[in-house]
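Peer 1: Below you will find the structure I want to go over with you.
The values are calculated or read from the model by the stated rules, or taken from the named source; none is laboratory data. Predicted model, so just to flag it, every value in this text is computed and none were measured. Quick reminder, even Gly has a Cβ in these numbers, built from the backbone with ideal geometry, and neighbours come from all protein chains shown.
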Amino acid sequence: MWPAPVKPSALTAALSTNSKPASTLAAITKNALIIAPQWIGDAVMTEPLLRRLAARGERLTVAALPWIAPVYRVMPGVAEVIEMPFKHGGLQLMGRIKLANQLRGKFDVAYVCPNSLKSALLPWMAGIAKRVGYTGEMRFGLLTDRLDNPDTEERPPMVEWYAALSLVGQTRTGPMKLVGDLRPVLKAGVGLLDEALEELATNMPTLPTLAKHSYVVFAPGAEYGPAKRWPVKHFAELASKIDRPVFLLGSGKEFDICQEIATAANATKPGHCFNLAGQTNLMQAFALIAYAHRVVSNDSGLMHVAAAFGVPQVAVFGSSSPEHTPPLNDRARVVWLRVDGSYQPPLACSPCYERTCPLGHMRCLEDVSAERVYRLL
């Protein structure tokens, strides 16, 4: 078990040596546009940044891709969410120009969370005077206030990476430091979550009761690749050990993985495990997670959602590191063989951050037994 704290990194220390002189840093103003990341987990990890901006009086409008927008609708401090009509990975220049014209004159400052070149285009096209972000993909002309990219070997906690954008514009009398709670928080009105569950129950009448805390949620997918996915056989064995209904959540791409788990688990306990991958919208998935008795996941976006809702959870890490993207939740337990002194021989290869195991053995995940995870539930 690894408790997953956020460790101080060299990131905030490096901010004090940013190449831009203090006298030229932008003064923070009131109407802020946030360009959101393109992944659910990253979106959740921007919450501490938004919390800091809202606390000093900035009105926050978040521009997000449609599948990310629900994250910000359950995020405290967000005044408005704009769904950007873009597809993942595409430039779609004319669409960006059209949206930029609609946003022109409405914002004083923009915070660009992703590092891609195209993500900085919208604030620039909209003529927003102050545009804050990391240098990223050589975005020197698109951003007015930049932070240097941290060393790729350092890999600071992602929440710290995003929250550091709030430091731009502070008066510098010494090194800039992040202070306060860096744990992301999601909060939805009870009515919103209840409505989502009622809609799900209506659409899928064969599901067992969705009473709060009566079921366990598994999130067995990981968009990044198989080197972040705890094996199907282990999820299935764990499901058979649990005496509550188990709901499997994920995208449509993860339906087959979840079906393998459900089929194997139901062979032992018929009607016990339910594959909902691709069958829920994101708000329904949030409601199922927020009201779950426990959540078990890989290092994935839904892991961060569970952490932000404060749900008891177990997260299994393989090729990635909980020092970089931990579930920031006092009720979280992390399994990471890299730091398990009793595990022999030691896993010197972890974290490799590869999508597939370069050594072909997947020991970092294969050797995490269902019994081990069950003991942490």
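Peer 1: Check whether at least one residue in region 119-141 is surrounded by fewer than 18 Cβ atoms within 10 Å (Cβ to Cβ) and in a strand (DSSP E or B), and report yes or no. Full working, then the answer.
Peer 2: Filtering region 119-141 for residues surrounded by fewer than 18 Cβ atoms within 10 Å (Cβ to Cβ) gives 127, 129, 135, 137-138, 140-141.
Filter once more, so that each one left must be in a strand (DSSP E or B): none.
Within region 119-141, none of the residues are surrounded by fewer than 18 Cβ atoms within 10 Å (Cβ to Cβ) and in a strand (DSSP E or B).
Peer 1: Sticking with this structure for a sec: Can you find a residue in region 202-222 that is within 30 Å of ASN115 (Cα to Cα), in contact with an Asp or Glu (Cβ under 8 Å, 6 or more places away or on another chain), assigned by TED's automatic domain parsing to the domain that holds VAL296 and at pLDDT below 95? Full working, then the answer.
Peer 2: Start the filter on region 202-222 by keeping residues that are within 30 Å of ASN115 (Cα to Cα), which leaves 219-222.
Those still in the list that are in contact with an Asp or Glu (Cβ under 8 Å, 6 or more places away or on another chain) too: 220-222.
Next, from what is left, pick out any that are assigned by TED's automatic domain parsing to the domain that holds VAL296: 220-222.
With the extra rule that they be at pLDDT below 95, the set shrinks to 221-222.
Within region 202-222, one or more residues are within 30 Å of ASN115 (Cα to Cα), in contact with an Asp or Glu (Cβ under 8 Å, 6 or more places away or on another chain), assigned by TED's automatic domain parsing to the domain that holds VAL296 and at pLDDT below 95.
Peer 1: Can you tell which of LEU282, LEU288 is within 23 Å of GLU195 (Cα to Cα), of a type outside the set (Gly, Ala, Ser), touching a helix residue (DSSP H, G or I) at 6+ places or on another chain (Cβ under 6 Å) and crowded, with 18+ Cβ neighbours inside 10 Å?
Peer 2: Working: LEU288 fails: touching a helix residue (DSSP H, G or I) at 6+ places or on another chain (Cβ under 6 Å).
The unique qualifying residue is LEU282.
Peer 1: Here's something else I'd like to know. For PRO114, indicate whether it is under 25 Å from the mean Cα position of the chain (by Cα), within 16 Å of TRP39 (Cα to Cα) and surrounded by 18 or more Cβ atoms within 10 Å (Cβ to Cβ). Steps first, please.
Peer 2: On the way: under 25 Å from the mean Cα position of the chain (by Cα): yes; within 16 Å of TRP39 (Cα to Cα): yes; surrounded by 18 or more Cβ atoms within 10 Å (Cβ to Cβ): yes.
Here the answer is yes, as PRO114 does meet what is asked.
Peer 1: Here is a follow-up. If only one of GLY57, GLY136, GLY77 is closer than 30 Å to VAL190 by Cα, modelled with pLDDT under 95 and either touching a Leu at 6+ places or on another chain (Cβ under 9 Å) or of a type outside the set (Gly, Ala, Ser) (or both), which one is it?
Peer 2: On the way: GLY57 fails: either touching a Leu at 6+ places or on another chain (Cβ under 9 Å) or of a type outside the set (Gly, Ala, Ser) (or both); GLY136 fails: closer than 30 Å to VAL190 by Cα.
The unique qualifying residue is GLY77.
Peer 1: Quick one: TYR343 ticks every box in (1) surrounded by 16 or more Cβ atoms within 10 Å (Cβ to Cβ); (2) in a loop (DSSP other than H, G, I, E, B); (3) aromatic (Phe, Trp, Tyr) bar one, so which box is it?
Peer 2: (1)
Peer 1: Looking at region 280-300, which of its residues are part of a loop (DSSP other than H, G, I, E, B) and either closer than 22 Å to ASN203 by Cα or in the same structural domain as TYR72 (by TED's automatic domain parsing) (or both)? Break it down stepwise before answering.
Peer 2: Step one: filter region 280-300 for residues part of a loop (DSSP other than H, G, I, E, B), giving 280-281, 291-293, 299-300.
The answer is THR280, ASN281, TYR291, ALA292.
Peer 1: Have a look at GLU223, GLU199 and point out the one that is touching a residue at least 40 places away in the same chain (Cβ under 8 Å), among the charged types (D, E, K, R), touching a helix residue (DSSP H, G or I) at 6+ places or on another chain (Cβ under 7 Å) and within 19 Å of ALA285 (Cα to Cα).
Peer 2: Values: GLU223 fails: touching a helix residue (DSSP H, G or I) at 6+ places or on another chain (Cβ under 7 Å).
Step by step, each of GLU223, GLU199 is checked, and only GLU199 is touching a residue at least 40 places away in the same chain (Cβ under 8 Å), among the charged types (D, E, K, R), touching a helix residue (DSSP H, G or I) at 6+ places or on another chain (Cβ under 7 Å) and within 19 Å of ALA285 (Cα to Cα).
Peer 1: Scan (1) surrounded by fewer than 24 Cβ atoms within 10 Å (Cβ to Cβ); (2) free of Cβ contacts under 8 Å to residues at least 60 places away in the same chain; (3) closer than 23 Å to ALA265 by Cα; (4) among the polar types (S, T, N, Q) for the single condition SER350 breaks and write down its number.
Peer 2: (3)
Peer 1: From the residues in region 331-340 that are part of a loop (DSSP other than H, G, I, E, B) and surrounded by fewer than 21 Cβ atoms within 10 Å (Cβ to Cβ), which one is nearest to the chain's Cα centre (by Cα)?
Peer 2: Narrowing region 331-340 to residues part of a loop (DSSP other than H, G, I, E, B): 331, 336, 340.
Narrowing further to those that are surrounded by fewer than 21 Cβ atoms within 10 Å (Cβ to Cβ): 331, 340.
Numbers: ARG331: 17, ASP340: 25 Å.
Here the answer is ARG331.
Peer 1: With respect to LEU328, is the statement that it is hydrophobic (A, V, I, L, M, F, W, C) and in a loop (DSSP other than H, G, I, E, B) true? Let's see the steps before the verdict.
Peer 2: Numbers: hydrophobic (A, V, I, L, M, F, W, C): yes; in a loop (DSSP other than H, G, I, E, B): yes.
When the stated conditions are applied, LEU328 passes them.
Peer 1: Taking the stated definitions as given, is LEU103 buried (at least 19 other Cβ atoms within 10 Å of the Cβ) and out of contact with any Lys or Arg (no Cβ under 7 Å at 6 or more places or on another chain)?
Peer 2: Details: buried (at least 19 other Cβ atoms within 10 Å of the Cβ): yes; out of contact with any Lys or Arg (no Cβ under 7 Å at 6 or more places or on another chain): yes.
Yes.
Peer 1: Can you report the number of residues in region 84-129 which are among the basic types (Lys, Arg) and touching a helix residue (DSSP H, G or I) at 6+ places or on another chain (Cβ under 9 Å)?
Peer 2: Filtering region 84-129 down to residues among the basic types (Lys, Arg) leaves 87, 96, 98, 104, 106, 118.
This time we only want the ones that are touching a helix residue (DSSP H, G or I) at 6+ places or on another chain (Cβ under 9 Å), so: 96, 104, 118.
The number of residues fulfilling the criteria is 3.
Peer 1: To continue, here is another question. Let me confirm something: among VAL232, VAL179, which residue is within 23 Å of the chain's Cα centre (by Cα) and closer than 28 Å to LEU377 by Cα?
Peer 2: Values: VAL179 fails: closer than 28 Å to LEU377 by Cα.
Result: VAL232 is the single residue among VAL232, VAL179 that is within 23 Å of the chain's Cα centre (by Cα) and closer than 28 Å to LEU377 by Cα.
Peer 1: What's the total number of residues in region 208-225 that are of a type in the set (Phe, Trp, Tyr) and closer than 21 Å to ASP42 by Cα?
Peer 2: Narrowing region 208-225 to residues of a type in the set (Phe, Trp, Tyr): 215, 218, 224.
With closer than 21 Å to ASP42 by Cα added as a condition, the list becomes 218, 224.
Matching residues across region 208-225 total 2.
Peer 1: Here is a further query. Could you tell me whether region 81-97 includes any residue that is crowded, with 23+ Cβ neighbours inside 10 Å and within 20 Å of the chain's Cα centre (by Cα)?
Peer 2: First pass over region 81-97, keeping only residues crowded, with 23+ Cβ neighbours inside 10 Å: none.
Checked against the condition, which is being crowded, with 23+ Cβ neighbours inside 10 Å and within 20 Å of the chain's Cα centre (by Cα), region 81-97 yields no hits at all.
For (1) free of Cβ contacts under 8 Å to residues at least 40 places away in the same chain; (2) out of contact with any helix residue (DSSP H, G or I) (no Cβ under 6 Å at 6 or more places or on another chain); (3) surrounded by 21 or more Cβ atoms within 10 Å (Cβ to Cβ); (4) basic (Lys, Arg), each residue gets a yes or a no:
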residue	(1), (2), (3), (4)
HIS293	no, yes, no, no
VAL305	no, no, yes, no
GLY318	no, no, yes, no
THR325	no, no, yes, no
THR356	no, no, no, no
LEU359	yes, yes, no, no
ARG363	yes, yes, no, yes
VAL368	no, yes, yes, no
ARG372	yes, yes, no, yes
